[in-house]
Amino acid sequence: MTHPHPTPRRFSLSPPLTGRIAIPGDKSISHRALMLSALAVGTSRVTGLLEGHDVLATAAAMRAMGASIERTGEGAWNIDGVGVGSLLQPREALDMGNSGTSTRLLMGLVASHPITVTFTGDASLSGRPMGRVIDPLSQMGADISASPGAKGTQTLPLMVRGLAPAIPLAYRLPMASAQVKSAVLLAGLNTPGITEVVEPVPTRDHSERMLRGFGADLSVETGADGTRHIRVRGEAELRPQTIVVPGDPSSAAFFIVAALLVPGSDVTIANVGLNPTRAGLVEVLQAMGGDITLLDAREVGGEPVADLRVRHSVLKGIEVDPAVAPSMIDEYPILFVAAALAEGRTVTTGLDELRVKESDRLAVMAAGLAAIGARVEESEDGLIIDGSGGDPLAGGATIAGHLDHRICMSFAIAGLVSKAPVTIDDMAPVATSFPNFEALLEGLQG
Ligand code: S3P
């Protein structure tokens, strides 16, 4: 799977990475900022918005459903919302491109509005399971027809016929998914009464934080066993906000690992979001011996943020506790690269969800790492990696990115610590989440 016009790139053994960079805005927060602003009555202002293809797909969709959305400068956007309950019927199908977050969250919004919307996407997104949102949204009264998909998974293209008023639901998440949680909460915004999501394992809580920020009546109660009960009162009135989007820890991850692995490196990454539901990678890398210092810890837009100083380190393999998975779910591909250069064995488990991301990230990472000389074994729900102890990998292979931005960036970083160059067959998908990835890398190489 590549774009119609693939952009192959080669990454070679790197000189030390040095300097200071700021990474683009958080993708999860950017999606939510556009969606909630589009539902508030009045003008919201967002700065630091990620201008990647995924977020632009959300912007286009909210425009198609009635919001006025205007770019006023780099990362600066003004949004005039329509009000909860007033989304308009789009004239055409909404093309979600590669973006699972746009698709699943917008399906939630549409489910409780009296409109019918068709969702389409690229080859990667069209293979991803949508049954996980179809189930709860159907219980709320939406009528959803999806394509059958492989092995009976329900996939795009699909059509959502919303119901207003929808039926409030109390829903226990069958898997750790912030997208499913958010889809139900967003559907609850225009549903009379209380909609509740029960979350046995905490996942990223940006929706909860931002819904509260916009004035929704939302409560979170954590039981003795750690189960979270999130309740939102429907027929909400959202008030416009000014939002500053912090830098994306999932994008910072590639440069954190690059600086740890490339000998002689000393890099400061400014303004990294460190919400505890997202910061698992930093903890795991520190436990592996990574020299990562948090500087100037502060709060930006209701989210904890710090600058990270990262210096080259000799990493040690570890057993990664599966309980941290939700807080670093998008960071496993780059953690696997770090493990491939560490001393000793790294064992990861509990990662079934990685098989249904933009690609099957367990299979694709295992195959790619083996192709560049790493010692890796794939299990049903994780990888076992015996690291090189800091020696460069062999490299010298072409990696298929499978339309998965994080696979492309992970192997780009692997190329920096490989004897022979690593070629990525198509770097175009990186523009979904991190358009200036290559420019920042070149800047650090001096
Ligand atoms: C996201 C949630 C995660 C993550 C995705 C973004 C979000 O997916 O992998 O990149 O913004 O809610 P799941 O909730 O499906 O685990």
Matching entry among Arg91, Arg132, Arg104 (being touching a residue at least 24 places away in the same chain (Cβ under 8 Å), charged (D, E, K, R) and surrounded by fewer than 18 Cβ atoms within 10 Å (Cβ to Cβ)):
Arg91
Hey, does region 103-114 have a residue that's in a loop (DSSP other than H, G, I, E, B) and touching a strand residue (DSSP E or B) at 6+ places or on another chain (Cβ under 6 Å)?
no
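Would you mind finding the one in Ala412, Ala428, Ala439, Ala394 that is free of Cβ contacts under 8 Å to residues at least 40 places away in the same chain and closer than 30 Å to Ala57 by Cα?
Details: Ala412 fails: free of Cβ contacts under 8 Å to residues at least 40 places away in the same chain; Ala428 fails: free of Cβ contacts under 8 Å to residues at least 40 places away in the same chain; Ala394 fails: closer than 30 Å to Ala57 by Cα.
On inspection, the qualifying residue turns out to be Ala439.
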Can you spot a residue in region 361-376 that is within 16 Å of the chain's Cα centre (by Cα), surrounded by 18 or more Cβ atoms within 10 Å (Cβ to Cβ), in a helix (DSSP H, G or I) and not hydrophobic (A, V, I, L, M, F, W, C)?
yes
Taking the condition over 23 Å from the mean Cα position of the chain (by Cα) and basic (Lys, Arg), does Arg172 pass?
no
Every listed condition ((1) buried (at least 24 other Cβ atoms within 10 Å of the Cβ); (2) farther than 19 Å from Ser124 by Cα; (3) under 19 Å from the mean Cα position of the chain (by Cα)) holds for Ala414 save (3)
Could you say which residue among Thr191, Thr203 is over 22 Å from Val41 (Cα atoms), of a type in the set (Val, Ile, Thr) and not in a strand (DSSP E or B)?
Thr203
With modelled with pLDDT of 95 or more, out of contact with any Phe, Trp or Tyr (no Cβ under 8 Å at 6 or more places or on another chain), within 13 Å of the ligand (Cβ to nearest atom) and among the hydroxyl-bearing types (Ser, Thr, Tyr) as the only criterion, which of Thr43, Thr58 stands out?
Thr58
Inside region 312-323, can you point out the residues that are under 25 Å from Ser265 (Cβ atoms) and surrounded by fewer than 18 Cβ atoms within 10 Å (Cβ to Cβ)?
Val314, Lys316
Residue by residue through region 81-125, note down the ones that are within 17 Å of Glu235 (Cβ to Cβ) and within 16 Å of the ligand (Cβ to nearest atom).
Gly108, Leu109
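Of all residues in region 144-181 being of a type in the set (S, T, N, Q) and at pLDDT 95 or above, which is farthest from the ligand (Cβ to nearest atom)?
Top of the filtered list is Ser145.
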State which residue is nearest to Ala22 (Cα to Cα) when the search covers only region 419-446 and only residues that are surrounded by 24 or more Cβ atoms within 10 Å (Cβ to Cβ) and hydroxyl-bearing (Ser, Thr, Tyr).
Ser433
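Please verify whether region 188-201 includes one or more residues that are under 17 Å from the mean Cα position of the chain (by Cα), farther than 30 Å from Ser12 by Cβ and buried (at least 20 other Cβ atoms within 10 Å of the Cβ).
No, because not a single residue in region 188-201 is under 17 Å from the mean Cα position of the chain (by Cα), farther than 30 Å from Ser12 by Cβ and buried (at least 20 other Cβ atoms within 10 Å of the Cβ).
The values are calculated or read from the model by the stated rules, or taken from the named source; none is laboratory data. Bear in mind the structure is a predicted one, so any value in this text is a computation, not a measurement. Virtual Cβ from ideal backbone geometry, glycine too; neighbours counted across all protein chains shown.
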